[in-house]
Amino acid sequence: MIEIQNLTKDFGPLRVVDSITFTVKKGEVLGFLGPNGAGKSTTMKMITGFLAPTSGTARICGHDVEKESMAAKKKLGYLPEGAPAYTDMTPGAFLDFIADIRGLSGATKVTRIAAVVKQVHLEQVLHQPIETLSKGFKRRVGLAQAILHDPEVLVLDEPTDGLDPNQKFEVRGLIRSMAKDKAIVLSTHILEEVEAVCTRAIIIAKGRVLFDGTPESLASRGPLDEVFRTITQAERVSAS
Amino acid sequence: MRTTWILAKRELSGYFSTPVAYVFLFFYLALMGFLTFYVTGYYERGVADLQPFFALHPWLYLFLIPAISMRLWAEERKSGTIELLMTLPVSLGEAVMGKFLAAWLFSGIALVLTFPMWMTVNFLGNPDNGVIIASYIGSFLLAGGYLALGSFLSAITKNQVIAFVLTFVVGLLLVLSGTPLVLEFARQFAPDVIVDSLRSFSFLTHMTSIGSGVIEVRSLAFFGSLIAACLLACVVTLDLKKAS
């Protein structure tokens, strides 16, 4: 459902993403790993159509995100980096606005909002301005917004960043429960998270794919921390 | 159209959910009232009309309108919500239009709240209410022109102060280009065509003609095309550099 082909992005002379190719099928949860500045967020911005690639294509459910952006955006739920939201609004008003934009109305709108509020546990802060909420709640508002229209494709940039261990556990459970009828891409810094929720892992550094396989095959190489360091630092040595 | 309205509604309710709207309205009305009654010699003229009040508008809008328009896109960029907005099923045109309409409606609300002026002048004498209505429409168009300009200039930066200053400076040029000072200066060396087109680009020229109670097609076309051109420039700017 997500098809990425030779996706490349240059910022001036700097190549941030270098010819990345992969596909994600329904039922798959792809974990995007890599050091800071590896090009994870840039890749996600291109998959969601926010950033135009220098070359290559991204397709969502068969729709090219550049050429048929409206059709692609309808199929997509996206949690951008830092979970931005209109902070003067309350989560209730914000989700209502997103539902309107997504074309949900009447009973569907009411039940969908109630369902996601329950899924990410926003009940107690529903009527407080988002700017007064803790980082964990803000992240969950962003997550609620992304899954509101029950999209076929979900792109989550660091969905568990800023959450406490209990919340992380719940969000991972939520992602797993949604996985069977969606294609999900998520980025993370936390290696255990990949084992906990992902069916597949991709490690990128300096914009290039260095590993693409199951979390099990990654773990079979040794302790995750060390494997990650070996893979990403070998690249650093060979590049310099 | 539906999407545009949803976005405009959100934007407008955003104004009123913070003190910004109330502070703005307070200063707007206080300034309009004070300047009209104490500075323009409103009573001393002994004429029952609102001409001195409307003559202030091109000048007051110079810094009041950028205060509304500066945040339109600069804030969206700064807070990162532009990434959210641009990945929702919303076209750039709808987004630009929605935000512009919200700001324009808000300036309309501010303008409507000056109705005590109109009541005062009707209480004191028998003004030509047709001229007053025409002037209100003219002032609203003028606000739209300024706002479209401000919306475009807000899209090129993530810094609201820069957006404010840019809009102020460009607005000032558009007002000043119709003053005798500039026109006489230009007449010394430029051909009449240049002087006339300079005059026709000025907010002041169009406000003066509307202030006399006539809404000319020329003025409508001027503000209409100014708004259209600025909003189009805004769409193009966002498309080119929405992520930067």
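Evaluation of A:GLY103 against the conditions (1) more than 20 Å from the chain's Cα centre (by Cα); (2) at negative phi shows that the sole unmet condition is (2).
If you filter the stretch A:188-223 down to residues that are in contact with an Asp or Glu (Cβ under 7 Å, 6 or more places away or on another chain) and among the hydrophobic types (A, V, I, L, M, F, W, C), you find that the one that is modelled with the lowest pLDDT is A:ALA219.
Of the residues A:GLU66, A:GLU81, A:GLU123, only one is within 17 Å of B:LEU85 (Cα to Cα) and free of Cβ contacts under 8 Å to residues at least 24 places away in the same chain; which?
A:GLU66
Taking the stretch B:1-102 as the region of interest, the helices (runs of 4 or more DSSP H) fully inside it that hold 2 or more residues being more than 13 Å from chain A (Cβ to nearest Cβ) are B:20-34, B:42-45, B:51-69, B:71-79. Pairs linking a residue in the stretch B:228-239 that is touching a residue at least 12 places away in the same chain (Cβ under 8 Å) to a residue that is part of a helix (DSSP H, G or I) and surrounded by fewer than 19 Cβ atoms within 10 Å (Cβ to Cβ), with Cβ atoms under 7 Å and 6 or more positions apart or on different chains, are B:VAL235/B:LEU92; B:VAL235/B:GLY93; B:LEU238/B:LEU92; B:ASP239/B:LEU92. Across the stretch A:15-46, the number of residues qualifying as within 14 Å of chain B (Cβ to nearest Cβ), surrounded by fewer than 24 Cβ atoms within 10 Å (Cβ to Cβ) and assigned to a strand (DSSP E or B) comes to 1. Being among the small types (Gly, Ala, Ser) and in contact with an Asp or Glu (Cβ under 8 Å, 6 or more places away or on another chain) is a description that does not apply to B:ALA74.
From the list B:SER209, B:SER219, B:SER200, pick out the single residue that is touching a residue at least 60 places away in the same chain (Cβ under 8 Å) and surrounded by 14 or more Cβ atoms within 10 Å (Cβ to Cβ). First the steps, then the outcome.
Details: B:SER209 fails: touching a residue at least 60 places away in the same chain (Cβ under 8 Å); B:SER200 fails: touching a residue at least 60 places away in the same chain (Cβ under 8 Å).
None of the others qualify; the one that does is B:SER219.
Considering only the stretch A:134-146, I want to know if a residue exists there that is of a type in the set (S, T, N, Q), touching a helix residue (DSSP H, G or I) at 6+ places or on another chain (Cβ under 6 Å) and modelled with pLDDT under 90. No, there is no match, as no residue in the stretch A:134-146 is of a type in the set (S, T, N, Q), touching a helix residue (DSSP H, G or I) at 6+ places or on another chain (Cβ under 6 Å) and modelled with pLDDT under 90.
The values are calculated or read from the model by the stated rules, or taken from the named source; none is laboratory data. As the structure is a computational prediction, the values presented were derived from the model and not from experiment. Positions of Cβ are generated from backbone atoms using ideal geometry, with glycine treated the same way; all protein chains shown enter the neighbour counts.
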